[in-house]
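Heads up, the thing below is written out as structure tokens.
Derivation of every value follows stated rules applied to the coordinates shown; laboratory data play no part. If you're wondering where the values come from, they're calculated on a predicted model, not measured in any experiment. Positions of Cβ are generated from backbone atoms using ideal geometry, with glycine treated the same way; all protein chains shown enter the neighbour counts.
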Amino acid sequence: MAERILIVEDEEKLARFVELELKHEGYHADKAADGRRGLDMAESGEYDLILLDIMLPGLSGMEVLRRLRKTSQTPVILLTARDSVTDKVMGLDTGADDYVTKPFEIEELLARIRAALRKKGKGQEAGPLKVGELTLDAERYHAEYAGEAIELTAREFSLLKTLMENEGIVLTRETLLDKVWGYQYVGETNVVDVYIRYLRGKIDDAFGVKLIHTVRGVGYTLRENV
Ligand code: CA
């Protein structure tokens, strides 16, 4: 299946040009011409990569990135103005994967897209996930803390995997429902709270650590307590 790329860029000619080039390369490409629309589309989770202009109407590219990173690790390549070192540094700090300076050669952009997609693909199959002493090996269907096995149900395992894949990122109950229970799930979001409680019992309480954090009014995140 073609990889899906979202172009968030208000300069119509540039956006159109990039779109045509991407399609020519066999990607599926969509466009958004302002920050709000871009964020909405990016948050749909339907894209493998996002090209994000910084100077946008509606919401700035940086704001789009900041909000997107609360719920998503989709690779983002920023399109920055020439010599804007602040944008580049801020962008990478905010969670961008790479940036390309305008005006750019299309070949350079395509190379960076390939690299970002490759990195993303590797991340998904790169052996066990680790957060501190906590290890989860999806292929072996095994989780352990400091070498001691943790017995998990299938749902608990899937929830823990999702939290670890998004280490340090706050996931809303809705996002967790979608990722762990699936879009078809119909019911109360408090099922998430119930399973978080199970996981805490088996990890935080069992090993006397604090890895699963509640972010009031938002959701949950897994990270080492530092
Ligand atoms: Ca712009």
Helix-only estimate, please: 222 nm mean residue ellipticity of the chain, summing -39500 (n - 2.57) across DSSP H runs of length 4 or more and dividing by its residues, to the nearest 500. -11500 deg cm²/dmol
Within the chain, what's the longest stretch lacking GluC sites (Glu not before Pro) that sit in DSSP loops with no more than 11 other Cβ atoms inside 10 Å? 1-104
Gaussian network model of the chain, Cα springs within a sub-10 Å range: biggest mean-square fluctuation belongs to which of Asp30, Asp193, Asp97? Asp193
Two-site FRET efficiency, Thr86 against Arg200, from Cβ-Cβ distance with R₀ of 35 Å, rounded to 0.05: 0.30
Considering only the chain, what is the antiparallel percent among its DSSP beta bridges, to the nearest 5? 45 percent
Rule-of-thumb Rg ratio for the chain [Cα; 2.2 N^0.38 Å; N residues]: 1.11
If one builds a Gaussian network model of the chain from Cα atoms under 10 Å apart, the most fluctuating residue listed among Met90, Met62, Met41 is Met90
Cross-link reach list, lysines versus Lys202, counting only Cα pairs under 28 Å and skipping chain neighbours closer than eight places: Lys70, Lys130, Lys161, Lys179, Lys210
Honestly the range 4-122 on the Cα gyration tensor test (a ≥ b ≥ c root eigenvalues; a/c under 1.5 rounded, otherwise a/b vs b/c for prolate or oblate) is just rounded
Would you mind classifying the range 129-177 by shape? Square roots of the alpha carbon gyration tensor eigenvalues, ordered a ≥ b ≥ c; an a/c under 1.5 is rounded, otherwise it is prolate if a/b is larger than b/c and oblate if not. oblate
